[in-house]
1. For Ser168, are the conditions met, namely being at pLDDT below 90 and outside the structural domain of Ile209 (by TED's automatic domain parsing)?
2. Within the bounds of region 51-68, is there any residue that is among the aliphatic types (A, V, I, L, M), in a helix (DSSP H, G or I) and over 22 Å from Arg169 (Cα atoms)?
3. Assess whether Asp19 counts as being surrounded by fewer than 20 Cβ atoms within 10 Å (Cβ to Cβ) and in contact (Cβ under 8 Å) with a residue 40 or more places away in the chain.
4. Do we find a residue being in contact (Cβ under 8 Å) with a residue 12 or more places away in the chain and of a type in the set (Asp, Glu) anywhere in region 105-123?
5. Take region 79-89 and flag every residue that is closer than 17 Å to Gly41 by Cβ and either over 9 Å from the mean Cα position of the chain (by Cα) or β-branched (Val, Ile, Thr) (or both).
6. Somewhere in region 114-135, is a residue in a loop (DSSP other than H, G, I, E, B), at pLDDT 90 or above and either of a type outside the set (Gly, Ala, Ser) or closer than 22 Å to Ile170 by Cα (or both)?
7. For Glu51, are the conditions met, namely being of a type outside the set (A, V, I, L, M, F, W, C) and at pLDDT 95 or above?
Amino acid sequence: MHRAVDYAATTLRILLVDDHPIVRRGLKALLSDEFHGAVFGEAGDAREAVEQLQKHTWDVALFDITLPGKSGLDLLKDVKAEWPTLPVLILSGHMENQFAVRVLRAGAGGYITKASAPDELTGAVRKILTGGRYVSTALAEKLAVRMTRDLSQIPHEMLSDREYDVMSRIASGMTATEIGEDLSLSLKTIRIYRRRVLEKLGVRNNAAIAQYAIRNSLVR
């Protein structure tokens, strides 16, 4: 169960979920400079993260969006169902256009890219600890633009979260086999998702998916 916290007066407990130990080490270094005496927990995937959440009480959690097996977005949904008041910051290597709106819709307290972490991380954590939501200035502008558009006319907005995840991986050049291994899904399942992506985007092949993603600034 999440507890209210005055982080200026007590030891802050921070859970870091990323499959790269070196990234977790870097995050700890950045946060330790700001939150002196903070206690850190670590997890390399969704299963380990849930174990940490069941064993200990945390004040804030940081999730990577791309995790082996269950994605950070799926983990976020599970966590919000079980620990709805826990502030969660999504820290991702993906561009904001790719997943930011989806994670905010799923209950994340904020979203920052790993490239911006040195400048934005501690401010983002402070913001969500006080009940606020953190987005960068650039993302705030994009969200404002979205409010003026009819999203039902945008093909990739019609994709489910899993379809969107598969689409972004195809656009990044991954094969169906690689995607299946990365997401712990069968090749047959990935092919089903791919077919749905093709239908919803109105394209014929992987190259066209990549072109669509590039044209809409969904991949670098």
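The values are calculated or read from the model by the stated rules, or taken from the named source; none is laboratory data. Predicted, not measured: the structure shown is a model, and the values here were computed from it. Virtual Cβ from ideal backbone geometry, glycine too; neighbours counted across all protein chains shown.
1. Details: at pLDDT below 90: yes; outside the structural domain of Ile209 (by TED's automatic domain parsing): no.
Considered against the rule, which asks whether it is at pLDDT below 90 and outside the structural domain of Ile209 (by TED's automatic domain parsing), Ser168 comes out as no.
2. Restricting attention to region 51-68, the residues satisfying the condition of being among the aliphatic types (A, V, I, L, M) are 53, 60-62, 65, 67.
With the extra rule that they be in a helix (DSSP H, G or I), the set shrinks to 53.
Narrowing further to those that are over 22 Å from Arg169 (Cα atoms): 53.
Yes - at least one qualifying residue is present in region 51-68.
3. Answer is yes for this residue.
4. For region 105-123, residues in contact (Cβ under 8 Å) with a residue 12 or more places away in the chain and of a type in the set (Asp, Glu): present.
5. Here is the first cut: in region 79-89, the ones closer than 17 Å to Gly41 by Cβ are 79, 82-83, 86-89.
If the condition is that a residue be closer than 17 Å to Gly41 by Cβ and either over 9 Å from the mean Cα position of the chain (by Cα) or β-branched (Val, Ile, Thr) (or both), then Val79, Glu82, Trp83, Leu86, Pro87, Val88 are the ones that fit.
6. yes
7. Values: of a type outside the set (A, V, I, L, M, F, W, C): yes; at pLDDT 95 or above: yes.
Answer is yes for this residue.
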